[in-house]
Amino acid sequence: MLTHTIPMQWLIELVQEYRNITKRNLFYKTVNLASSPSDFQWIRQLYYLSCDFTAAVALRYGSCQDARFRDAFGEHAAEEVTHPEELADWMRESGLLAPDEQLTSILQYHQHLKL
């Protein structure tokens, strides 16, 4: 049984440091200033990243040489399978994707943007 508490001040300070870094980050400042779904059109590319992420984790599972970690990659890949469709549902609910809009229109939309 633990007879004394271990000070966790270092963890509290680390969390505060990361919070401060986040507050200064231009990306998060931009998100904080957003006022409508049109300010988030860039988020539409997350669908493609989400699809690719599942494949990347599955590849990591296949190439992992350490048996201690291999199953974790397989489980993670299995958990990610539904995320692209869940993201699309969230985008529709948030007004970032029209109810009848096809997900493939996301790519067509961004071909017209100059990034």
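Okay, here's what the table says:
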{"quantity": "Tensor-based shape of segment 12-115 (alpha-carbon gyration tensor, a/c under 1.5 rounded, otherwise prolate or oblate)", "calculated": "oblate"}
{"quantity": "Pair E101, E75: separation of 7 Å Cα→Cβ label points (nm)", "calculated": "3.6"}
{"quantity": "Solvent-accessible heavy-atom area per residue, rounded to whole Å², over the chain at 1.4 Å", "calculated": "80"}
{"quantity": "Farthest toward positive dipole pole in the chain [+1 Lys/Arg, -1 Asp/Glu at C-beta], among T104, A78, P7", "calculated": "P7"}
{"quantity": "Dipole magnitude of segment 1-74 about its Cα centre (Cβ charges: Lys, Arg +1; Asp, Glu -1), debye to nearest 20", "calculated": "120"}
{"quantity": "Computed label-point distance, nm, for sites A34 and D66 using a 7 Å Cα→Cβ extension", "calculated": "3.5"}
{"quantity": "For the chain, calculated [θ]222 nm from helices alone, where every DSSP H run of n ≥ 4 adds -39500 (n - 2.57)", "calculated": "-20000 deg cm²/dmol"}
{"quantity": "Using θ = phi - 60° and Karplus 6.51 cos²θ - 1.76 cosθ + 1.60, couplings along segment 75-88 (whole Hz; Gly, Pro as x)", "calculated": "5, 5, 4, 5, 5, 7, 4, 8, 4, x, 5, 5, 5, 4"}
{"quantity": "Of all accessible heavy-atom area on the chain, the percent that carbon and sulfur account for (1.4 Å)", "calculated": "61"}
{"quantity": "Ordering of 94-100, 83-89 by burial proxy (mean other Cβ atoms within 10 Å per residue, highest first)", "calculated": "83-89, 94-100"}
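The values are calculated or read from the model by the stated rules, or taken from the named source; none is laboratory data. All values derive from a computational prediction rather than experimental measurement. Cβ atoms come from the backbone with ideal geometry, glycine included; neighbour counts cover every protein chain shown. Protein only, heavy atoms only, side chains kept; ligands, DNA and RNA dropped before computing areas. Shrake-Rupley method; radii C 1.70, N 1.55, O 1.52, S 1.80 Å.
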